[in-house]
1. Give me the dipole magnitude in Debye, nearest 20, for the stretch 1-45 about the Cα centre, with unit charges on the beta carbon: positive for Lys and Arg, negative for Asp and Glu.
2. Show the residues, 5+ positions off or on another chain, whose built amide H is closer than 5 Å to the amide H of residue 288.
3. Sorting 12, 103, 199 on the 10 Å Cβ count, fewest up front, what's the list?
4. Give the shape of the stretch 1-55 as rounded, prolate or oblate, defined through the alpha-carbon gyration tensor: a ≥ b ≥ c are the square roots of its eigenvalues, a/c under 1.5 means rounded, and otherwise the shape is prolate if a/b is larger than b/c and oblate if not.
5. Cysteines of the chain lacking any other cysteine beta carbon under 4.7 Å?
6. Quickly estimate the mean residue ellipticity at 222 nm for the chain, helices only: each DSSP H run with n ≥ 4 gives -39500 (n - 2.57), and the total goes over all residues, rounded to 500.
7. Could you list the trypsin sites (Lys or Arg not before Pro) in the stretch 188-259 that lie in coil according to DSSP, counting only those with at most 13 other Cβ atoms within 10 Å of their Cβ?
8. Where both partners of a DSSP beta bridge lie in the chain, what percent of those bridges are antiparallel, to the nearest 5?
Amino acid sequence: TASSTCSSPPKLTKTSHLKVGFSQEVNNAPWRIAETTSIQEEASKRGDTVIYTDANNSDSKQVSDIQSIIAQRPDVILIAPLTEDGEVSAIKQARAACIPVFLVDRDANHAQVTPGKDYVTFIGSDFVKEGQRVADYMIQATKGTAKIIELQGTTGSSPAIARGKGFDDEVASHPGMQIVAKQDGNFDRATGLAKMQTLLQAHPDVTAVYAHNDEMALGAIQALKAAGKIPGKDVLVGSIDGENEALQDVQSGTEGVVVQCNPRLGPIAFDTIDAYAKGQTPAPWIVQQDNEYTKANAAQAISQGLGF
Ligand code: AHR
């Protein structure tokens, strides 16, 4: 705001023993638990302390979590925002309080806040590319003909928006790839299961399911089995994340493809904070690299501990 006395984004002058705020949007499933653990482990490795909050899937709780972190005057704040718009006001409040913010895993709406100004940078995966990779696999595996149900992530969250766009744009040039229904499954297994049960009644002839994350795919697989269908044979399933349970399903052929979204953001996040403290200007987006798992490499990925 106009009253701030610091630069945009605020500078970080301390280089060690940082007090780091971390606002997590929810901590309810393997992906998010892996992310939280990665950040906490990296902080303790470096001798930094973490003020941690869990917004339990609520934009309003996440805003008040961030406000309470600001009040504790940390050196930096890491935010994994629930939605693109929901935490914008709190990001601006941190900047006005002269505390540099780093967004991790999910981005915010660039029409409202700008990396390199309101926050230092976004550190996370290329969600558009993740969606494209699932689409490319499905186009090839089905020879370009499928009736697809798309289980979307939380409405308004950056991964749901970008994974939808990446997939939908990619299949759009293949007229045989028909998306017959899209539903918000909230990145959640129970919701994915329930939505899939209902959708199967309207679309019993579905031949593919694209889930924006593994948890919803695991729910959809349960629903398909309960409806007497064989996932991997009658219905091709593809999703994003790379949790162990999904990798096991890829290994057994129940799922066709899992594109990784690497949740181990601790090292890259703290390296970026470190660079910033030393006076460097990080790129507006630090891209996390992701693998892709099919039957050819799923067993190896499990044994290498790449799952979570
Ligand atoms: O922001 C990353 C996504 O959020 C992960 O794919 C998902 O599992 C989580 O809910």
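1. Computed about the Cα centre, the dipole is about 240 debye.
2. Residues meeting the amide H criterion: 124, 125, 126.
3. Least to most surrounded, the residues fall as 12, 199, 103.
4. It is oblate, given that a/c is not under 1.5 and a/b is not larger than b/c.
5. 261
6. Details: 10 runs with 122 residues, N = 308.
After summing the helix terms and dividing by the residues of the chain, the value is -12500 deg cm²/dmol.
7. Values: sites: 189, 195, 225, 229, 233; in loops: 229, 233.
Sparse-neighbourhood loop trypsin sites (Lys or Arg not before Pro): 233.
8. Numbers: 2 of 42 bridges.
Taking every DSSP beta bridge with both residues in the chain, the antiparallel ones total about 5 percent.
Values in this text are rule-based calculations from the coordinates and carry no lab data. Values in this document were obtained by computation on a predicted structure and should not be read as measured data. So basically every Cβ, Gly included, is an ideal-geometry build from the backbone, and we count neighbours across all protein chains shown.
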